[in-house]
1. Hand me the list of strands (runs of 3 or more DSSP E) wholly inside region 109-183 holding 2 or more residues that are at pLDDT 95 or above, over 12 Å from the mean Cα position of the chain (by Cα) and at negative phi.
2. Within region 74-87, is there a residue that is more than 13 Å from the chain's Cα centre (by Cα) and open to solvent by less than 10 Å² (accessible area, probe 1.4 Å)?
3. Which pairs have Cβ atoms under 7 Å, sit 6 or more apart or on different chains, and link a residue in region 34-58 that is in contact (Cβ under 8 Å) with a residue 24 or more places away in the chain to one that is of a type in the set (K, R)?
4. Just to verify a result, which residue in region 7-16, among those that are open to solvent by 40 Å² or more (accessible area, probe 1.4 Å) and assigned to a strand (DSSP E or B), is farthest from G56 (Cα to Cα)?
5. Considering only region 54-73, state which residues are in a strand (DSSP E or B) and surrounded by 24 or more Cβ atoms within 10 Å (Cβ to Cβ).
6. Which residues, counting only those in region 30-53, are modelled with pLDDT under 95 and outside any strand (DSSP E or B)?
7. Quick one: which of T134, T166 is more than 25 Å from G57 (Cβ to Cβ) and open to solvent by 50 Å² or more (accessible area, probe 1.4 Å)?
8. Looking at the structure I just gave you, is N19 modelled with pLDDT of 95 or more, open to solvent by less than 30 Å² (accessible area, probe 1.4 Å), of a type in the set (S, T, N, Q) and under 21 Å from Q72 (Cβ atoms)?
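The values are calculated or read from the model by the stated rules, or taken from the named source; none is laboratory data. Owing to the predicted nature of the structure, the values given are computational and were not obtained by experimental measurement. A quick note on method: Cβ atoms are made from the backbone with ideal geometry, for glycine too, and the neighbour counts reach across all protein chains shown. What goes into the accessible areas is simple: the full protein's heavy atoms, side chains included, and nothing from ligands, DNA or RNA. Shrake-Rupley method; radii C 1.70, N 1.55, O 1.52, S 1.80 Å.
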Amino acid sequence: MNRTGNLGLFGISAGTIENVVMTNVRIAGFNFVGGLVGTNNGLVQNSSSSGFVTQGGDGIQVGGLVGQNNGQITGSASTVAIRGNSVVGGLVGENSSGATITASSSTGLVTGIPGGGGGGANSIGGLVGENDGTVQSSSSASIVAADPLSSDVGGLVGLNNNIVQTSFSAGTVTGETQVGGLV
């Protein structure tokens, strides 16, 4: 699948997605791209994705399972090779204010690539690219690799603006500016 925005098995979901397993996904797009849901406004529970997700150009918010989470994700996982420029996470691109991620995990390869304007990637995380909500009891064993111009690169969360509780990262992280093993 290759389109511009709100891409995944579900483009936008305001309901409950439960016990859904996506294998060998191949999704490429620009904004709000996820292996399962582009934008989640509801509940994603006990679901997973594996495969490849790619963000093109100067797009935003791409994740192995969900591009943008405005709701709840619990007991879910992603094993995805993901490439993107801005707000890129192994499980979720952006976890918005008021949104929660609980008891979830990610493994795979998260690669930050330069955007169309030549600048570095930003907000690249093994689990979440940018967290404005709550992440709890979750983990990442993702390999996070960012280009030398990238910023806000973390093994668990790339850019954290709110709450991370009882969570850990066991993967590896490479980059040069604002790089952390956890956040």
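1. Answer list for region 109-183: 134-136, 163-165.
2. No, every residue in region 74-87 fails to be more than 13 Å from the chain's Cα centre (by Cα) and open to solvent by less than 10 Å² (accessible area, probe 1.4 Å).
3. Partner pairs satisfying both residue conditions: G51/R26; F52/R26; T54/R83; Q55/R83.
4. T16
5. Listed by number, the residues that qualify are Q55, V62, G63, V66, G67, Q68, N69, I73.
6. The one that is modelled with pLDDT under 95 and outside any strand (DSSP E or B): F30.
7. T166
8. no
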